[in-house]
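Notes follow once the structure below has been shown.
The values are calculated or read from the model by the stated rules, or taken from the named source; none is laboratory data. Everything quoted here is computed from the prediction, not taken from an experiment. Because the Cβ atoms are built from the backbone with ideal geometry, glycine has one as well, and the counts that use them run over all protein chains shown.
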Amino acid sequence: MIKVNLLRNKVNDGPTLQSVGPGGSHVASSSGASAEMREALIKVAFLLMFTVILMFFESQNLRNLQAEAVRLSVRVTELEAQAVEKAKEVEAVKDIETQARELEDKLKILRLLSRLRLREVKTLDFIQSSIPEKVWLKTLVYESDKDRVEFGKFNFAGNAVTTEDLTEFVKRLEDSAYLYEVIVMKNQEVPIPSQKNVMRDFQFTAQVEVKP
């Protein structure tokens, strides 16, 4: 009876020792899974922290870029305003230059007309002093060129006692410094009313000398 009890105790002890082994292995397996979980959580935490830091710096950069864009926009507006003002000044200068050229042209015309008027006065004085005693002028008309006002001619019409008197008058005009190209267009004999004598009825033109 005593032997049987010992065997039973041995049998009971044997399974008890064997059951410890599997239980210990199970405990070791649970500890490894917990370590892997902690490591994964740490990685996720670092990743989230990096993302937050990155977003913060990007936000700072975005604000800086927006501020720079606003500054550049303001500068562009200022430059555009300055360009408009400069354009107005340039237009004003152009207007002044145009007015100055117009005034200069008017002054040139006035000087030219003044010179021409003086030339006409001197020419008329010369014509009056060059008329022979037996020559009479009925009309004396000055015609200026439409395109070139400095060019012109005189149209003479009158009477002379003889052809020689008319020829002398024409020669005096041609030899002067005021007239040239004296062309006789009419030299006709006409009777004198209530008298038996005749006289010459003439018409001729003379170009006005143009001096530089």
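Of note:
- In the range 149-186, the residue that is modelled with the lowest pLDDT out of those that are farther than 11 Å from PHE202 by Cβ, charged (D, E, K, R) and surrounded by 14 or more Cβ atoms within 10 Å (Cβ to Cβ) is GLU150.
- Subset tally (residues that are part of a loop (DSSP other than H, G, I, E, B) and under 16 Å from LYS138 (Cβ atoms)) for the range 168-212: 2
- Pairs, first assigned to a helix (DSSP H, G or I) in the range 143-167, second among the aliphatic types (A, V, I, L, M), C-beta under 6 Å, six or more apart: ASP165/VAL135; LEU166/ALA160
- Some residue of the range 65-87 being among the aliphatic types (A, V, I, L, M), at pLDDT below 85 and within 30 Å of PHE204 (Cβ to Cβ): no
- Per this entry, GLU189 is not counted among residues that are closer than 19 Å to LEU124 by Cβ and exposed (fewer than 15 other Cβ atoms within 10 Å of the Cβ).
- So GLY14, is it in a helix (DSSP H, G or I), surrounded by 10 or more Cβ atoms within 10 Å (Cβ to Cβ) and modelled with pLDDT under 50: yes
- Here TYR142 fulfils each of the conditions (1) surrounded by 14 or more Cβ atoms within 10 Å (Cβ to Cβ); (2) closer than 17 Å to ILE183 by Cβ apart from (1).
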